[in-house]
Structure formats: C-alpha cells, structure tokens
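Rule-based calculations on the coordinates, nothing more; no lab input. In this text, all values refer to a predicted model and were calculated from it rather than measured experimentally. Glycine also receives a Cβ, built like all others from the backbone with ideal geometry; neighbour counts cover every protein chain displayed.
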There are 2 protein chains.
Amino acid sequence: MPFQKLSGEDRLIDWLRSQVRGGHLGDDAATLSLRESFAITVDSQIAGVHFPANLDEARFARRLLAVNLSDLAAMGAQPRFAFLALCAPEGFRQRAFFRALLKACAIHGVELAGGDLARLPLGGPLATLTLLGTRRPRTRWLKRSGAQAGHTIWLSGTVGESAVGRHLLAAGASLSGRSIRIPSRFAGSARLAKAARAAVARHLEPRPELALGEWLARRRAGGALDVSDGVARDLHRLCRESGVGAVLDADLLPSSPHYGDLCTLLKQDSLDLALSGGEDYVLLFTLPKGIRPPKQFAATCCGEVLREGSIWLRQSGRTRPLAALGWDHLADAHAAHPPTTD
Amino acid sequence: MPFQKLSGEDRLIDWLRSQVRGGHLGDDAATLSLRESFAITVDSQIAGVHFPANLDEARFARRLLAVNLSDLAAMGAQPRFAFLALCAPEGFRQRAFFRALLKACAIHGVELAGGDLARLPLGGPLATLTLLGTRRPRTRWLKRSGAQAGHTIWLSGTVGESAVGRHLLAAGASLSGRSIRIPSRFAGSARLAKAARAAVARHLEPRPELALGEWLARRRAGGALDVSDGVARDLHRLCRESGVGAVLDADLLPSSPHYGDLCTLLKQDSLDLALSGGEDYVLLFTLPKGIRPPKQFAATCCGEVLREGSIWLRQSGRTRPLAALGWDHLADAHAAHPPTTD
C-alpha cells in the first residue's frame, strides 16, 4: 500500500523541503551547531495593524523578513536562520507567500530552518518570524547601551517617510499588482506623485540597514538601535539603556523629497511625523566625535549625547524637552490600517 | 527633566526585566554564546483554534510553554531559552499571563530571553513561542528518522484523552477559577466525573515528556516524535522520515480511565479518537527489541516497525491499512473550539 494521500500541511512542508537547502525542516525542532555567538530576534507582523489587510502575500512576506532583519542590523549580526510561525485565514496563498519569503531569504543568506503553520479563524494573516544571526569575526555586538556623553548622534536615513506612506494608504493610495496608485490630490506633479509612491513603497517594504550595521559592529564604538517606533521614543530607549541624555537637532533630521509637501496635503505636522511616525527602520546610532560613517551609507549627524539624563529637542535655536512619543504596541493601534476599499 | 512617563509597552518590559534573571531582555535581539549544539522549535497557540477563547491567561501561558516543551522533549533537548511573540486583544491581562509563564519557565529551567508584544484588533489572543534547547553531554538528538525495521513501537502515555477533553469543553464543560465544571450527563458517577475533569485538564495543560526524552537521547536508539496531530498521522510521519513501515496494535493503545465510557457519552468512536484526536503530547518512539524504558515512564509497547513502507492497524487479529487521519493545521479547524457559553 502506498502512503496515504498527504494532508495539506504535510504537502506544503514537503514542497518547502524541496525548495530549501540545509535540511533543517521536517523534525520537531531544527538542530544547529554554531561556533560563533549569535543573536535571536522575534517580531510579529499583523494585517490591519502593521500593514494593510489587503496586502498581497509576496509583499507581506518581504516586509516580515525586512522588519526582522532590521533588528539584526541594529545588533551588527549576520543573518543566518529563520523560523516562521504563520497564522493565515482560508484562501491565503501559502505558496505565493513562501516563494517570496524564500527569495528574500536567499538574497540575505538566510535559511528557513523551521516553523509552524496554523489556520486563523478570524482576521489575519499574521506571522511571527524568529531570526538568528551570528557575530562576524572581529566585530562586537551593537548595543543600545553603548552611547557615551560627547558622542554624535546619527540617523542612517530619512524619518517620517514611512508614516507618510501609511497615511497615504489610509487616504486612498492602493496597490495594483506591482504598481502603486496615488489619489490625484497627492499627485499634483510628476515629482510629487513619485515621492508619494516612494513613501508607500518605503512603508510596505522597508530596507534593513545590514551593511551599516556590519560597519558599526567593526568600529566597536557607540550605541545603536533600529527606529521602529519613532525617533523620539527610540532615542529615549537608547539613552535609558546607556544612562545618558541627548539633544536632537530638529533642523537636521533627514527627510525624503517632497516630505513637507506630502505632510501638508495629508494635514500632518511634518516634525511630529518625523519624530513619532515610526517604522522608519533606519539605524539610530552614536559615534565618538570625529568618526564619520563612509559616504555610501548617507548617514546624517543630527544631535549629541549628553552626560546628564535629559532629552532635548533643538529647533531654530530654541531647546525644549523631547517627549517619548511614538508607536506603542500595546496602545490602541488598530486604526493604523483601517480596512481599505479598492 | 525626568524621563517621560513610559508607554505601556516600555513599562511592561521594564517590569519583565525586573522579574527575569539573565539580562537578555531589552535590546533589539538577545545575544547568546553556546558551546553545545542546540535545537530550536516554534509553535503558535491560537484562542478558538488550539484552546477555548475564554481560557484564562495563566492556563494559556502554561499551555503555550508545555506544547513547545513537548517538541524539545521529542528531540531529547534540555530547555534553555524562550522567545515570546504575544498578540493580545484589549483587556488581556498581560501580567497574569507573564506571571504564569515565568513561573512555568522557572520550573523547567527556561529563561525568557526576548520577544515582541502587539495589540490584536480582532479575535485572539494568540502567541508564538520559540524555544531553544541544548544537547546534553553524552546524548544524541532524537530524530523522526531513527526508526528501523524490527524496532518495537511505544507510546509514553494514553491517547485520545485530550480529544475527549476538547469534546467535553464543546459539550459544556467549563472553568471556574482553578476548578473544572462537568455537565451532569458526563458525571454519572464520581469516578466518571473525575475522569472527565482529568480529560479537560489534560487537554488544556498537557505535560511534556522531558524526562523520557532525555532517557531516549541517552540510549542513542530509535526514532521519536511527539504526538500532536494524532497517533495515526504522526506514525505516518515517523515512518516516512525513517523509510520504514509499521504495524500498530489497536488493542494495545493505552487509554485513560473511563475513556470508553466518555467516548460513548460524547458519541465519539473511541478508536478513531485515540488514533486521530490529536494533542496527546505523548512521545511516540521506537526501540530495538529487548530494550524497555524504565517503569517510571509508564510507556506502552503497541506495535512494530516493518521493513516495507506500509502502515497497518491490527485489531482483534485482523489487519487493515491505517489512514493518516488527524489534525491538519491548514484544514478547516476552526470548529475545534466553538465559542462557549459559560
């Protein structure tokens, strides 16, 4: 007698095992032997909370990986293994999801080594990814606790653009296959429309700063974290862990093209959004004075670490306390991605 | 200026850091250095799918850990580190959940080393736990692929009881604090009521077979997995990975007290439920002939591994093919725990 017809789950796992080299899939747990120290991070992505509920499976998969890679970038780790827990509703296109996930994993040298599949009765999809990254030779871990008084504060990219993208989606921007459609009121010029599309793309598929994380880990200097909940809140976290204060220069915060114009059209305060919009997935880091990251990383110096434990915002020559505003994962965040009609 | 009032998420993480020794919480990722090989497993638990939607936070936490520990038991691993992704609706009592989780972790020597918190807009709660366990000295990993022709097949405990508990919950059994209430038609005698309560407790809080897993890993013999989706389906999996067949003796399947009586009252076929009810979280394993596990593990021999790749069920002297029936996580499983009214 041949084996019984396999169940849906077993068939999917068989297919995955045929797609993934490494041979870790299929047992109750994946077994690994590593000589290096390693870092483990876990992050969930929930439809309707972190991304629009109607996002296609491929973009969902890439976003899930990117957000988790960003945590490894903030540690200076080399991404190695992924473990996926996928909770998906009926009709979810599992293979489209996994094809995109495996492709993105391959780009970053990540092997899918285990996971769990479940059917979600309500809402969804949502997924939790566990990533393991190893410490490269001659690097140290980047830590939130590494900031020291006198260090300069840097951002590896623009802030607020992802939040603009989120607001554009709430205001009617939509996806049509690979292209992004922008409502005409945000597309007054070709350049504005381009900036709007870039903001939506940035929101949906952030780019983890892995190369910069590696450079920082080799420098063995400063504190770092990735900006997921807004510069303001994440700067507070960096300072708390380091036992220092900081002054952030609002006028030096890097912003994307037409950022101010799009904020005006969206009736959003551009500084508020830059400080607390969240999901920028750039690195916020500190360096001893006189050290600058190579130009290729396009990082911007925008503040200074203080000995005293207060956190300030300097704008047009005036200085005021900087509140730790930003995304709170336990606050009522479900309005972030209201159901869209497209 | 003092630090701003912390957000709900940061406050909870601060509290967790005060409760957990080890110091891995608080950075973008937990960093570890291990000399031993290790195993990583990931499993989700979803309200309304894996357990009743109205289950209290403490039982939810213990079940989450137990189910994941069962995977480590099936590898023969020593549990070490946990990473939690919790997606909970408004009103979820985070601290009650974490208190129970940390207590259960401490019992098993597990350190909560990282995680992620998110608010779930619809349904829930659900959680994904990633567990890391190390290989003990002088053991080898237990694998599904270790079964060999001529081995005896063993179960470390009774099967079907957890499914009886699930059916009892659907039929009106309910929780009142720590006690379990059984509808009177399943409590015709004190012994029957006791068996019914035990079935519900078994379903809600399975006991991972860690000590047996360790013993098997020291024996360096046979194949093993934990029975999460039913003996029938999981025996098929064991045999596929090992490239062997098997004959399972229905008359020897271990069952709990009054199992048959409860199946009759629930209008369930007792053999079907034993074979495919699932969530037994006992170990299904094979051993070379002549080797028996110590009596303390109360394991039962109930079959034999065959060279040829077919899987049979022997009952009352007759032998027929054993179908790979059981829990399919991608099938329509949302009726497993319909909303209860208590």
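In a shell of Cβ-Cβ distance under 14 Å around A:G76, excluding A:G76 itself, what net charge do Lys and Arg (+1) and Asp and Glu (-1) give?
+3
Calculate the length of the line joining the C-alpha centroid of the range B:196-270 to that of the range A:143-209, in whole Å.
Centre-to-centre (Cα) distance: 51 Å.
Along the Cα→Cβ direction, 7 angstrom out, place labels at B:D269 and B:S179. What is the inter-label distance in nm?
3.8
Could you state the angle between the C-alpha long axis of helix B:210-219 and the longest principal axis of the C-alpha atoms of chain B, as a value from 0 to 90 degrees rounded to the nearest 10?
It is inclined by approximately 60 degrees.
Rank A:V244, A:P321, A:A88 by how far each Cα sits towards the positive end of the charge dipole of chain A (+1 on Lys, Arg Cβ; -1 on Asp, Glu Cβ) and give me just the farthest.
A:V244
Copy-to-copy spacing for B:R207, label 7 Å out on the Cα-to-C-beta vector, in nm, shortest first?
5.6
Considering only the label points, 7 Å along Cα→Cβ from Cα, what distances in nm to one decimal separate A:A190 from the same position in each other copy, shortest first?
Ordered by increasing distance: 8.8 nm.
Return a whole-number percent for the relative contact order of the range B:155-257, with Cα pairs under 8 Å and 6 or more residues apart as the contact set.
Worked out over the range B:155-257, it gives 36 percent.
State the answer as a single residue: which of B:L155, B:G133, B:T31 lies farthest towards the positive end of the charge dipole of the range B:1-160, with beta carbon charges of +1 for Lys and Arg and -1 for Asp and Glu, about the Cα centre.
The residue sitting most towards the positive pole is B:L155.
So which lysines pass the test for A:K289, namely a Cα distance under 24 Å, with those fewer than 8 places away in the same chain ruled out?
Within the straight-line limit of under 24 Å, A:K289 reaches these lysines: A:K143.
Once the Cα atoms of helix A:161-170 and of chain A are each reduced to a long axis, what angle between those two axes, in degrees from 0 to 90 to the nearest 10, is obtained?
For helix A:161-170, the angle is close to 60 degrees.
Of the candidates B:D28, B:D43, B:D272, which one comes out as most mobile in a Gaussian network treatment of chain B with C-alpha springs shorter than 10 Å?
Taking springs between Cα atoms under 10 Å, the residue moving most is B:D28.
Output the antiparallel fraction of DSSP beta bridges having both residues in chain A, as a percent to the nearest 5.
In chain A, approximately 75 percent of DSSP beta bridges are antiparallel ones.
How do A:K194, A:K143 line up, fewest other C-beta atoms within 10 Å first?
A:K194, A:K143
Assuming 0.36 nm per residue, please report the length gained on full extension of the stretch A:S18 to A:R93 beyond their Cα-Cα distance.
Gain in length upon complete extension: 25.2 nm.
Expressed as a rounded percentage, what relative contact order does the range A:66-165 have, with Cα pairs under 8 Å and six or more residues apart?
On the way: 118 pairs, mean separation 40.6, N = 100.
Relative contact order, the range A:66-165: 41 percent.
Taking the label point as lying 7 angstrom from Cα along the Cα-to-Cβ axis, what are the distances from A:K267 to the corresponding position in the remaining copies, in ascending order and in nanometres?
5.7
Please state the relative contact order of the range B:1-133 as a whole percent: Cα pairs under 8 Å, 6+ residues apart?
On the way: 206 pairs, mean separation 48.6, N = 133.
With pairs under 8 Å counted, the relative contact order is 37 percent.
Convert each backbone phi in the range B:43-54 into a coupling constant with the Karplus relation 6.51 cos²θ - 1.76 cosθ + 1.60 (shift: θ = phi - 60°), then list the ³J(HN,Hα) values in order as whole Hz, x for Gly and Pro.
8, 9, 10, 10, 4, x, 10, 9, 7, x, 4, 9
So which trypsin sites (Lys or Arg not before Pro) in the range A:196-263 are both in a DSSP loop and have at most 14 other Cβ atoms within 10 Å of their Cβ? Don't skip to the end; give the middle numbers.
Working: sites: A:R197, A:R202, A:R218, A:R219, A:R220, A:R233, A:R237, A:R240; in loops: A:R220.
The qualifying sites are A:R220.
Give, rounded to the nearest 20 debye, the magnitude of the charge dipole that the range B:126-239 has about its Cα centre when Lys and Arg contribute +1 at Cβ and Asp and Glu contribute -1 at Cβ. Write out the running numbers ahead of the final one.
Numbers: 20 positive and 7 negative charges, 66 e Å.
I would put it at about 320 debye.
Using the number of other C-beta atoms within 10 angstrom as an exposure proxy, rank A:L283, B:L252, A:L212 with the fewest first.
Numbers: A:L283 28, B:L252 13, A:L212 25.
Taking fewest neighbouring Cβ atoms as first place, the list is B:L252, A:L212, A:L283.
How tilted is helix B:8-19 with respect to the longest principal axis of chain B? Cα atoms for both, answer in degrees (0 to 90, nearest 10).
Relative to chain B, helix B:8-19 is tipped by roughly 70 degrees.
Assuming 0.36 nm per residue, please report the length gained on full extension of the stretch A:D251 to A:R11 beyond their Cα-Cα distance. Walk me through the numbers on the way to the answer.
Details: separation 240, 0.36 × 240 = 86.40 nm, distance 5.55 nm.
Here the answer is 80.8 nm.
Using the 10 angstrom Cβ neighbour count as an exposure proxy, how do B:T139, B:T286 rank, fewest first?
B:T139, B:T286
Work out from phi, with θ = phi - 60° and the Karplus expression 6.51 cos²θ - 1.76 cosθ + 1.60, the ³J(HN,Hα) of each residue of the range B:142-149, listed in order in whole Hz, and give x for Gly and Pro.
Values per residue, Gly and Pro as x: 7, 10, 5, 8, x, 6, 10, 3 Hz.
Would you calculate, for chain A, the mean residue ellipticity at 222 nm contributed by helices, counting each DSSP H stretch of 4 or more residues as -39,500 (n - 2.57) and dividing by all residues, to the nearest 500?
-9500 deg cm²/dmol
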